[in-house]
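Okay, structure first, notes after.
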Amino acid sequence: MRPHSTLRRFLVHPKDTTLTEEVCGCVYKIPCKNCETVYIGETGRKLGTR
């Protein structure tokens, strides 16, 4: 049986994960609260500022 925490597990992913709010250049979908329509947009800005 292999151990769950290994040195390889930490070295394979040396970068920190990016938060969803910090991602630039993404496509987003906003549903309307009053009807069933959906707005789909694309932004070059950080998603957290949208």
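Reported count of residues in segment 21-41, each being of a type outside the set (A, V, I, L, M, F, W, C) and over 14 Å from the mean Cα position of the chain (by Cα), is 7.
Being at pLDDT below 75 and either under 13 Å from the mean Cα position of the chain (by Cα) or not acidic (Asp, Glu) (or both) is a description that applies to Thr49.
The values are calculated or read from the model by the stated rules, or taken from the named source; none is laboratory data. Source: prediction; values computed, not measured.
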